[in-house]
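This report concerns only the one structure given below.
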Amino acid sequence: MHINRRQFIDATAIAAAVTVVPHHVIGRPNQVAPGNKINIGYVGCGTQGIRQLMPALERSDVRIVAVCDPNRGSDDYPEWSEQELNNKVRKFLDDPDWAKGARGGLCGREVVQEIVNRHYGKQKRSRKSSDCRAYADFREMLEKEKDLDAVYIMTPDHLHGTVAIHAMRQHKHVIVHKPIANVLYETRLARDTARETGVATHLFCSAGQTSTPTLCEWIWGGAIGPIREVHNWSKRPVWPQGMTERPSDTPPVPDGLDWDLWLGPVPHRPYHPAYTHAVFRGWYDFGTGALGDMGHYSFYQIFRILKLGIPLSVEASRSQYWSIRDYAWRKEINTVSFPRASVIHWQFPAREDMPPVTLHWYDGGIRPPIPEELEADGEPMPEEGLLFVGDQGKILADFMGDKPRLIPKARMSAFSPPPETLPRPIGEFDQWLRACKGGQASDASFENVYPFAETILLGLVALRIDKKLTWDSEKMEFPGEEEANRLLYREYREGWEL
């Protein structure tokens, strides 16, 4: 049958109108239809990876279809306490013999693959639907898993940006444990890639804290007047830091560990257990120290409450180490690891109706001076905490902003909290899943958390430069400070460039 061009166009339009399915059924581009499960590739099968995995497996709206880690499996992972993680898995699987005889945490890709398959198998699904695939290389996972919707990243810090950017470039939604990356270039590239691709992103920090809107209501309502100072202190690190040189011995690479894949973009060096598992955090190349590990949790609150953007300047002081060599005291110069203790200061400009403010960070057991209000109450300074200093008073809270109170006690007793006017957040994972399905962006999307992610990384640079640094965020540089500017980037191993 012969038809002319107009008839063809009309017929095509009618067919399109008939076959279009509403967005709420199939989802928009890059989005998962609301009624569908989100197929997740899980990258990073260490201790924290397994802790986060178990609640994700219990969700009926997601499915872990693949897991990935350079380590096949081993029982040498440090736990928070003896058998802490193994006991959690035993309870989760209802198997008291899980990891029987293990020295430490039993982790790795085949271990996590078994946890996933056993959990889904208990739900009486078909064998085919309960099989989770395991990969050593996340790039192979992204290539072969055609139905993957999203990637959940629980690797050491130095791989966060690399995995996230690769996944987003393939239009996969991304959720990552803090930080976004451990160098600023990759953090900014991850934010920009999220903008360009439109995928849903989330940085695990504290976006689900109900104390955040409470503190906003108090402080925005003038409970202690304009804020001029904020003090935040942590007892971290609880892992090794302050090393002045890399390990010199070269033990063999453990069976089942692909050392090349574990290094990822970082220039090659011989394997050593001082780098892997939970101790990676202390090294410049692999971690982000105490500030990067813990600051994301508390800075989410601070930045939201005080409406902070990018700082004007940063400066830091750090612990030192001296040794006796050739019968003389020698200062050991540290070029490889974060210090055992540090203090960092950022200055922020005025914004909206708020004056300039200075943010102070302390770690390694260092704390700010005890406020006179606590002394009046006869209370000790908390081991960790968050202190807002206003023109008309002080608010003290737990490290992440929980249990806020005006000090001294008499001031809190006389305080009438304002009514709750701000919405309370849903859980972090729920926020991300909502965004994956086309809903509101997560409060901790890469776009939303970027200001404090940048601020933390500037603090890490300041720890390595013994001077106050002025920051130009638009140009992404410390003007006139070439040594500091080099630390904003990574030296990439061939084949890992971004």
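Computed from the coordinates by the stated procedures, all read-outs in this text should not be read as laboratory data. Predicted model, so just to flag it, every value in this text is computed and none were measured. Here the Cβ positions follow ideal geometry from the backbone for every residue, glycine too, while neighbour counts run over all protein chains shown.
Based on the mean of other Cβ atoms within 10 Å per residue, sort peptides 303-315, 203-215, 367-379 so the most packed one is first. Write out the running numbers ahead of the final one.
Values: 303-315: 19.4, 203-215: 21.3, 367-379: 14.1.
Ranked from most to least packed, the peptides come out as 203-215, 303-315, 367-379.
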**Request:** Determine the distance separating the Cα centre of segment 438-461 from the Cα centre of segment 38-90; give it in Å without decimals.
**Result:** 25 Å
**Nearest-0.05 FRET efficiency for Met412 and Met54, computed from C-beta distance (R0 60 Å)** = 0.95
**Message:** Please report the antiparallel percentage of DSSP beta bridges with both residues in segment 322-385, rounded to the nearest 5.
**Reply:** 100 percent
**Item:** Of Ile395, Cys205, Thr288, farthest towards positive along the dipole that unit charges on Lys, Arg, Asp, Glu beta carbons give the chain
**Value:** Cys205
**Prompt:** If you compute P(r) over Cα pairs in 20 Å bins from 0, in percent for the structure shown, which of (1) 25, 60, 15, 0; (2) 19, 40, 28, 12, 0; (3) 21, 51, 24, 3, 0, 0 do you land on?
**Reply:** (3)
**Request:** List the lysines whose Cα lies under 29 Å from the Cα of Lys88, skipping any in the same chain that are fewer than 8 positions away.
**Result:** Lys37, Lys100, Lys122, Lys124, Lys128, Lys178, Lys235, Lys403
**Item:** Cross-link reach list, lysines versus Lys468, counting only Cα pairs under 23 Å and skipping chain neighbours closer than eight places
**Value:** Lys331
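I want the antiparallel fraction of DSSP beta bridges within segment 22-204, as a percent rounded to 5.
Working: 2 of 23 bridges.
If I count the DSSP bridges inside segment 22-204, around 10 percent turn out antiparallel.
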**Request:** Could you tell me how many degrees, from 0 to 90 and to the nearest 10, lie between the Cα long axis of helix 211-220 and the main elongation axis, the longest principal axis, of the Cα atoms of the chain?
**Result:** 60 degrees
**Request:** Specify whether the C-alpha gyration tensor of segment 22-204 places it in the rounded, prolate or oblate class, a ≥ b ≥ c being the square roots of the eigenvalues: rounded for a/c under 1.5, otherwise prolate if a/b is larger than b/c and oblate if not.
**Result:** oblate
**Item:** Dipole-positive endmost among Ser81, Val67, Gln48 within segment 22-204 (Cβ charges, Cα centre)
**Value:** Val67
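To check you understand DSSP bridge types, tell me what percent of the beta bridges within the chain (both residues inside) are antiparallel, rounded to 5. Could the numbers behind the result be given before it?
Details: 39 of 65 bridges.
Close to 60 percent.
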**Complete:** Full extension between Leu498 and His171 adds, at 0.36 nm per residue less the Cα distance, a length in nm of 116.1 nm
**Request:** Compute the relative contact order of the chain as a whole-number percentage, counting only Cα pairs closer than 8 Å that sit 6 or more residues apart in sequence.
**Result:** 18 percent
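Evaluate the charge dipole of the chain about its Cα centre and quote only its size in Debye, nearest 20, assuming +1 on the Cβ of each Lys and Arg and -1 on the Cβ of each Asp and Glu.
It comes to approximately 1300 debye.
Do you know the relative contact order of segment 22-204, to the nearest whole percent, from alpha carbon pairs under 8 angstrom that are 6+ apart? Walk me through the intermediate numbers first.
Details: 318 pairs, mean separation 41.6, N = 183.
Relative contact order here is 23 percent.
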**Asked** Tell me, how many Å apart are the Cα centres for segment 217-264 and for segment 292-334?
**Response** 10 Å
**Request:** Enter the angle in degrees (range 0 to 90, nearest 10) between the Cα long axis of helix 5-19 and the first principal axis of the Cα atoms of the chain, meaning the one along which they spread out most.
**Result:** 60 degrees
**Request:** Would you mind checking the tilt of helix 289-306 against the longest principal axis of the Cα atoms of the chain, expressed as 0 to 90 degrees and rounded to 10?
**Result:** 90 degrees
